[in-house]
Number of protein chains: 2
Amino acid sequence: MGVGDDGGLRLPRNKIIVGDCIEELDKLPAKSIDLIFADPPYNLQLANELYRPNNSRVDGVDDDWDKFSSFESYDRFTRDWLAACRRVLKPNGSLWVIGSYHNIFRVGTALQDLGFWVLNDVIWRKTNPMPNFRGRRFTNAHETMIWASTGQKARYTFNYESMKALNEDLQMRSDWLLPICSGGERLRQDGRKTHPTQKPEALLQRVILAASHVGDVVLDPFMGSGTTAVAAKRLGRAFVGIERESAYASARERLKSIVTLDPASLQVSKGKRAETRVPFGALVEMGLLSPGTALYDPAARHEAKVRADGSIACAGAQGSIHKIGAHVQGAMACNGWTFWHYEADGALKPIDALRVEARQKLAS
Amino acid sequence: MGVGDDGGLRLPRNKIIVGDCIEELDKLPAKSIDLIFADPPYNLQLANELYRPNNSRVDGVDDDWDKFSSFESYDRFTRDWLAACRRVLKPNGSLWVIGSYHNIFRVGTALQDLGFWVLNDVIWRKTNPMPNFRGRRFTNAHETMIWASTGQKARYTFNYESMKALNEDLQMRSDWLLPICSGGERLRQDGRKTHPTQKPEALLQRVILAASHVGDVVLDPFMGSGTTAVAAKRLGRAFVGIERESAYASARERLKSIVTLDPASLQVSKGKRAETRVPFGALVEMGLLSPGTALYDPAARHEAKVRADGSIACAGAQGSIHKIGAHVQGAMACNGWTFWHYEADGALKPIDALRVEARQKLAS
DNA sequence: CAGTGGTTTGAATCCCATC
DNA sequence: AGATGGGATTCAAACCACT
């Protein structure tokens, strides 16, 4: 996994690289990237120009054949850059790709064929999409993002609590309502848009906040106007951007003015999973609960006795607080910390309160 | 185009055919169908049982018809039924397919390869989706429909004005908010759902209203519970349903009670749109409030700091504006929108003022 | 009958550290 | 690397029992 594996390839950090994305990805060390966000071109004609063996034009020959040929070359292009991304991604990293109905099905199929495991498809609902002027279709008011891990068994980063916090303590859904990039955020030169498909920073912030940690490396193989790098820098992540058109490397200028948020603002909401694990036996060892103490379920229908080794006994059965809790309820599983209660001041309190005490003691 | 083209094949009308969809499609005359709605197996690939936090088991889709040995076999199946559909579709007809991230990319790719021309991808946003019980992904809150014509140059039916009327005289967007099928609409036998994936009638009504005329023939190659036929009949369209599982052919019973609306009743109803919910985190994302900004209660006794994920931190505690507001007051609950204030022009203003701004932005 | 509070349920690729 | 077991995890809507 060291540098040697890649013949001494080094990972540039906080750099925008001008060049072909596949060539440049091949120069990066394997398994070095935590998160990839890709906004690939979906102009089939462009892919065509890039990959047709000869430069002959095909219009007017046979529409069906032309279409197939275009899709085929686009698919080849898609597989190539996705495979190159797969190589540089850490096993526990993840990949996001954004697209529209023109290309997203090709991308999704290629992803799955390469072994990526789709975690969600996320819809960016635009508050202010361009109307359909001719009134012949529905207003194309969204784009689709695919979020995928490196494989079915792979672990991946998901800041569940942060996403929940962003949505007023409700689970974040797979449909996100965000305005398109306009106004002051939109980069312009001489009044004209610098980049045709500049993504809003809010979109990238949410992606990066959801699927990476502070200090992680975020890569964008199709940098464009640099929104991914901007959001990464602001959120205290390192970035690597690759962009073919040197004109777009003006993103470097844009980046200079971006200030990383202070560490306090970057702290994310953490759930119970992040808490240090305290075995039930530790409560007994620490003297917070004596062997022989009686524990009760909330309705006081069952009584269990604490034993010196941190197991409990109830109605002839013995085992962990979880196992016995499940057993007396006839349930598959049980969280013993919230199920079992002890008596204090004439009331029943969950033993989880004692775990909180234990954690405070252990932390001090 | 006449009957003779297909050796005397005849189009059954308002019939549910029990049989394999490809075999049965092959028996229908070519170019005889105006609109196809297909709800194919999703190939969910569910590996394990899933339990809710309260230990109840989720009744997932484990039917044999949803099991495929590989993506390759799913792709083959998809191409076959799509090709059969293509043959029976009129040149100016169109096709809808619904799916989730498990299968929709395969379907979209196959569609395009067969020469269908994608008109829109339409998102069905569920008002009441099943949550993500383990907190490991985003709530899977939508499904995707692909709407396609028979080719790039093909004409197709789109009732633009009807859709506009349905959406308060605004162009109908590509994201539709509709509840899942439950309550009285959900078919049950002995208290158990008759079909695992019954679609809401409102969804099918909108599809049929958008893409067909009264008197047109609507075909559903995977009839299931029969929602397509029900919606077609109600809207004065003829239907042809194909369903392999004879158990589901109970849809015939369901259909008997459906009455076709008289033309006057077909007038669309207009609903008042609820005020958009704006999570506090959206203010941060939209740049209306920077991470690190200080918030105060009206008396400026407490100071909290805004964080990048839309949570706030105050006196060691962290959480939503509501939670922390309640916490510092020692109250059970608190409306953070009116409790917390920010400083502007030397005065304290409630953050609710920023929510108003956000709503204006989101509405524009 | 209206309101309240508890229960059920839905196309779901749903854990992870330790041994 | 597979098995073990601790223990973390849910939202909207319909329905039902009860006051």
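A few comments on the model shown:
- In region A:184-195, the qualifying residues are those that are part of a loop (DSSP other than H, G, I, E, B) and more than 14 Å from chain B (Cβ to nearest Cβ), and the one that is least open to solvent (accessible area, probe 1.4 Å) is A:His195.
- Selection status of B:Ser94, more than 16 Å from DNA strand C (Cβ to nearest atom), within 29 Å of A:Asp175 (Cα to Cα) and within 12 Å of another protein chain (Cβ to nearest Cβ): yes
- Matching residues in region A:151-167 - criterion: being out of contact with any strand residue (DSSP E or B) (no Cβ under 9 Å at 6 or more places or on another chain) and either more than 26 Å from A:Gly108 (Cβ to Cβ) or within 16 Å of DNA strand C (Cβ to nearest atom) (or both): A:Asn159, A:Tyr160, A:Glu161, A:Ser162, A:Met163, A:Lys164
- Of residues in region B:229-239 being small (Gly, Ala, Ser) and over 18 Å from B:Cys181 (Cα atoms), the one most open to solvent (accessible area, probe 1.4 Å): B:Gly236
- In the set A:Gly319, A:Gly281, A:Gly292, only one residue is over 30 Å from A:Lys233 (Cβ atoms), within 37 Å of the chain's Cα centre (by Cα) and among the small types (Gly, Ala, Ser); that residue is A:Gly281.
- Residue match in region A:262-274 (condition: touching a Ser or Thr at 6+ places or on another chain (Cβ under 6 Å), touching a residue at least 60 places away in the same chain (Cβ under 8 Å) and within 13 Å of chain B (Cβ to nearest Cβ)): yes
- Among the candidates A:Arg301, A:Arg273, residue that is more than 42 Å from the chain's Cα centre (by Cα), open to solvent by 80 Å² or more (accessible area, probe 1.4 Å) and within 16 Å of DNA strand C (Cβ to nearest atom): A:Arg301
- For region A:170-180, the set of residues classified as in contact with a helix residue (DSSP H, G or I) (Cβ under 8 Å, 6 or more places away or on another chain) and closer than 13 Å to B:Lys361 by Cβ consists of A:Leu177, A:Leu178, A:Pro179, listed by residue number.
- Test: residue in region A:276-291 that is touching a residue at least 24 places away in the same chain (Cβ under 8 Å), among the β-branched types (Val, Ile, Thr) and in contact with a strand residue (DSSP E or B) (Cβ under 7 Å, 6 or more places away or on another chain): yes
- In region A:196-228, the residues that are open to solvent by less than 20 Å² (accessible area, probe 1.4 Å), on the phi < 0 side of the Ramachandran plot and either at pLDDT below 95 or outside any helix (DSSP H, G or I) (or both): A:Gln198, A:Lys199, A:Pro200, A:Ser212, A:Val217, A:Val218, A:Leu219, A:Asp220, A:Pro221, A:Met223, A:Ser225
- Screening B:Gln171 with (1) surrounded by fewer than 21 Cβ atoms within 10 Å (Cβ to Cβ); (2) assigned to a loop (DSSP other than H, G, I, E, B); (3) modelled with pLDDT of 95 or more gives one miss only, at (3).
- Screening the candidates B:Leu170, B:Leu178 for the property of being within 15 Å of DNA strand C (Cβ to nearest atom) and of a type in the set (A, V, I, L, M) yields one hit, B:Leu178.
- Among the candidates A:Lys305, A:Lys270, A:Lys233, residue that is assigned to a strand (DSSP E or B), in contact with a strand residue (DSSP E or B) (Cβ under 9 Å, 6 or more places away or on another chain) and not β-branched (Val, Ile, Thr): A:Lys305
- Within the option set A:Leu235, A:Leu209, A:Leu178, A:Leu203, being more than 23 Å from B:Arg355 (Cβ to Cβ) and facing another protein chain (nearest Cβ under 9 Å) holds for one residue only, A:Leu235.
- Some residue of region B:44-65 being closer than 30 Å to B:Leu255 by Cβ and more than 13 Å from DNA strand C (Cβ to nearest atom): no
- Region B:35-44, subset of a type outside the set (S, T, N, Q) and in contact (Cβ under 8 Å) with a residue 60 or more places away in the chain, residue surrounded by the most Cβ atoms within 10 Å (Cβ to Cβ): B:Phe37
- Residues (buried (at least 16 other Cβ atoms within 10 Å of the Cβ) and either out of contact with any strand residue (DSSP E or B) (no Cβ under 7 Å at 6 or more places or on another chain) or in a helix (DSSP H, G or I) (or both)) located in region B:323-351: B:Lys323, B:Ile324, B:Gly325, B:Ala326, B:His327, B:Val328, B:Cys334, B:Gly336, B:Trp337, B:Phe339
- Some residue of region A:56-64 being modelled with pLDDT of 50 or more, more than 27 Å from the chain's Cα centre (by Cα) and not hydrophobic (A, V, I, L, M, F, W, C): yes
- Filter result (under 23 Å from the mean Cα position of the chain (by Cα) and acidic (Asp, Glu)) within region A:220-257: A:Asp220, A:Glu243
- In region A:342-364, the residues that are more than 15 Å from DNA strand D (Cβ to nearest atom) and more than 17 Å from A:Met286 (Cα to Cα): A:Glu343, A:Ala344, A:Asp345, A:Gly346, A:Ala347, A:Leu348, A:Lys349
- Count - residues of region B:330-364 that are more than 13 Å from every other protein chain (Cβ to nearest Cβ) and free of Cβ contacts under 8 Å to residues at least 12 places away in the same chain: 10
- Given (1) at pLDDT 95 or above; (2) open to solvent by less than 60 Å² (accessible area, probe 1.4 Å), index of the condition A:Arg254 fails: (1)
- Within region A:240-250, not a single residue is in a helix (DSSP H, G or I), surrounded by 15 or more Cβ atoms within 10 Å (Cβ to Cβ) and assigned by the TED database to the domain that holds A:Gln329.
The values are calculated or read from the model by the stated rules, or taken from the named source; none is laboratory data. Because the structure is predicted, anything quoted here is derived from the model rather than measured. Every residue, glycine as well, gets a Cβ built from its backbone with ideal geometry; the counts of neighbours run over all protein chains shown. Surface accessibility is based on the protein's heavy atoms, side chains included, excluding ligands, DNA and RNA. Shrake-Rupley method; radii C 1.70, N 1.55, O 1.52, S 1.80 Å.
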